[in-house]
Amino acid sequence: MAPPRPLAGPPAADARAVARAWLARRIAAAPLEEAAQLAAPRFAERAPALCGSLLAALGDDAALGVLPAEGAALAALAGPGVVEAAEGLRGATAAVLMPAIDPAMH
């Protein structure tokens with residue numbers, strides 16, 4: 001199977017905005033007792049870089065090739081809920097990008 005092709009001219013997005021949206025989704029989905037732990041300093045330090053790598057991979061084959069190595073960063077941020085965290089990151093990325101792709105969605 002051929003690897004997915006990058007988007008042609010993906011809209012510009014702020015990695016920090018994606019990280020904030022991702023954190024908001026994670027907090028909303030977590031039990032109240034665990035929510036404070038999700039906003040740990042390591043998330044604030046590492047999530048923007050991971051989100052930046054993801055955004056870069058949307059429009060660049062070379063960056064797409066490096067993205068699998070970022071899986072360790074995702075696992076470190078997510079802990080045991082890596083699948084849920086990955087889905088939250090996907091949703092947060094879409095939520096930040098969609099208004100730029102389709103202004104009617106804003």
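Table for the structure above
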{"item": "Crossing angle, helix 15-29 versus the chain [Cα axis fit, 0-90 degrees, rounded to tens]", "result": "40"}
{"item": "Lys, Arg +1 and Asp, Glu -1 on Cβ, resulting dipole of the chain about Cα centre, debye, nearest 20", "result": "100"}
{"item": "Calculated FRET value between Asp60 and Ala100, using beta carbons and R₀ = 25 Å, to 0.05", "result": "0.90"}
{"item": "Zone of Ala86's modelled label, taken as backbone nitrogen in the range 35-58 under 17 Å from a point 7 Å along Cα→Cβ", "result": "50-51, 53-55, 57-58"}
{"item": "Kirkwood hydrodynamic radius of the chain, from inverse mean 1/r over distinct Cα pairs, in Å", "result": "14.3"}
{"item": "Projected label distance in nm at Ala29 and Ala72, using a 7 Å step from Cα toward the beta-carbon", "result": "2.4"}
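None of the figures in this text is laboratory data; all of them are computed from the coordinates on show. Just so we're clear, the structure is a prediction, and the values are computed from it rather than from any experiment. Positions of Cβ are backbone-derived with ideal geometry, glycine not excepted, and every protein chain shown enters the neighbour counts.
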